[in-house]
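K.L.:
For reference, the structure I am asking about is given below.
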Ligand code: UN1
């Protein structure tokens, strides 16, 4: 299978004729050949989006929303098949892939509804016979750059609000998950999105991504990816005064206090740390544990982690799928080595799995470190793999301090049965998302998603917060007095 770019409503080969391979990380099978597009392909897509903008922005928002509703219906009908494709392409186990598609369905229906809301507001004028209101306006051409870990959900978080707000889109998906991006754009086309309104260009960040962030015809960039790339995006796009939203990962912690329901905490920890093989921005990679419960928790986790079954995500027996590629295995193992050098105690895991059936994929044993100091690199840097670090603390205040000391601020969680301590945690945990008696993953699409400090640049995705990013406020004054009225002077 050879994938094509989608530019101005046409499926097209890359003009340089160059392709890279899309590989199943669980068994090494070739899935597709994918365009390694050039700057010119990207520029043509930007031009197509520019051309389509003026008519799309004038399509009534409820009509734009109806198209998204159709997109949601098609996604729903195709959920099972899309989830299977996702597992093959990206590795996450089937049930989680189905959840990823479901997140896209939810976002489609939610943003379809925004077609009939997109609320602005009216407010009194300070002058007589004068009317004042604030409405939402489109921004222009949106450059959408997405990661591979949520191949359906994250593109929909960006593309659907962009569209309902009247923007046109150039979409550059991660090189690791082009197939799902291709399927999503085909569905948008099938649902009736007009030519040029959504354009898809496969290729590298350094060529296609770079063109999007630097081209003056692109008004807005929404990026999810690494902290390092995010800084570069902010710099280049900032130079062009583009509107930029960055979502850059986390070092999320679960706090377990002595009074916690231990069974519940263990389930929440396993789900958050090893779900998606730890490859979520929201994954839990730090466990901050009050001393009274530390030993019991360590024991229980060691047992349960040892029982997790590693394997291909389409195998119903599998708990934990592969990592995305060989580079990810190396990175994870590098951090495990650092952890050992730093003096952390390896409890379970700590090695790649590459014998027998694992040899063709990129597998790593779920790993637990104990006796981790909050300052160690494994406790402060994003590993993006199945590695969990246990840190001991005396009390809630110390736990909150440890949680807040890292440069990231996406998600945090606390297990406690004491309502007073839960509310103190809600007040003091400095993250964009806080969970009480649940793990760090599982954000719902109608609430704001994003984080503080190094996790981003202050924007939020999803919910109505997404509209604030994908639209411009337009303040409108209508004077029906028939005479010149001077604000601040005649009032
Ligand atoms: C991500 O990891 O980048 O809350 C997104 C969650 C999912 C989204 C994660 N709903 O874990």
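K.L.:
Can you tell me the order of 106-117, 309-320 when each peptide is scored by its average per-residue count of other Cβ atoms within 10 angstrom, highest first? Don't skip to the answer; put the middle values down first.
P.N.:
Numbers: 106-117: 21.3, 309-320: 17.9.
So the order, starting with the most tightly packed, is 106-117, 309-320.
K.L.:
Just the number, please: percent antiparallel of the DSSP beta bridges in the chain, rounded to the nearest 5. Provide the component values of the computation, followed by the final result.
P.N.:
Values: 30 of 70 bridges.
Of all bridge pairs located within the chain, approximately 45 percent are antiparallel.
K.L.:
Let me ask you something else. Measure off 7 Å from each Cα along the Cα-to-Cβ vector at residue 18 and residue 480, then give the distance between these two points in nanometres to one decimal.
P.N.:
6.1
K.L.:
How large is log10 I(q)/I(0) at q = 0.11 Å⁻¹ when the Debye formula is applied to the Cα atoms of the stretch 5-248, each weighted equally and without solvent?
P.N.:
After summing over all Cα pairs, the log10 values are -0.55.
K.L.:
Only Cα pairs under 8 Å and at least 6 apart count here; give the relative contact order of the stretch 5-248 as a rounded whole percent. Provide the component values of the computation, followed by the final result.
P.N.:
On the way: 489 pairs, mean separation 62.4, N = 244.
Dividing the mean separation by the residue count of the stretch 5-248 yields 26 percent.
K.L.:
Kindly state, to the nearest 0.05, the FRET efficiency for residue 357 paired with residue 11, given R0 = 41 Å and r defined as their beta-carbon distance. Walk me through the numbers on the way to the answer.
P.N.:
Working: r = 37 Å, r/R0 = 0.89.
So the FRET efficiency works out to roughly 0.65.
K.L.:
Beta carbons within 10 angstrom, averaged per residue: use that to sort the peptides 346-353, 433-440, highest first. List each step's numbers first, then the result.
P.N.:
On the way: 346-353: 17.9, 433-440: 20.9.
Highest to lowest by the protection proxy: 433-440, 346-353.
K.L.:
Here is a follow-up. Sort the following peptides by mean Cβ neighbour count (other Cβ atoms within 10 Å, averaged over residues), highest first: 421-431, 146-156.
P.N.:
146-156, 421-431
K.L.:
Would you calculate a helix-derived [θ] at 222 nm for the chain, using -39,500 (n - 2.57) for each DSSP H run of n ≥ 4 and dividing by the full residue count, to the nearest 500? Provide the component values of the computation, followed by the final result.
P.N.:
Numbers: 14 runs with 183 residues, N = 491.
Helix contribution divided over all residues of the chain: -12000 deg cm²/dmol.
K.L.:
What angle, in degrees between 0 and 90 and rounded to the nearest 10, separates the Cα long axis of helix 39-56 from the longest principal axis of the Cα atoms of the chain?
P.N.:
Value to nearest ten degrees: 50.
K.L.:
Checking the a/c ratio against 1.5 first, then a/b against b/c, what shape does the Cα gyration tensor give for the stretch 24-76? Mind showing how you got there, number by number?
P.N.:
Values: a/c = 6.02, a/b = 1.37, b/c = 4.38.
Oblate shape, in that a/c is at least 1.5 and b/c is the bigger or equal ratio.
K.L.:
In nm, to one decimal, how far is the modelled label at residue 418 from the one at residue 119, with both set 7 Å along Cα→Cβ?
P.N.:
Result for the modelled spin labels: 3.8 nm.
K.L.:
Quick one: what Rg and Dmax do you get for the stretch 252-436 from the alpha carbons, in Å?
P.N.:
Computed over the Cα atoms of the stretch 252-436, radius of gyration and Dmax are 15.8, 51 Å.
K.L.:
When every alpha-carbon pair in the chain is counted, what percent end up more than 36 Å apart? Display every interim value, and only then the final one.
P.N.:
Working: 39934 of 120295 pairs.
Counting pairs separated by more than 36 Å, the tail of P(r) holds 33 percent.
Just so you know, all these numbers are worked out from the coordinates, no wet-lab data involved. Quantities reported herein were computed from a predicted structural model and do not represent experimental measurements. Quick reminder, even Gly has a Cβ in these numbers, built from the backbone with ideal geometry, and neighbours come from all protein chains shown.
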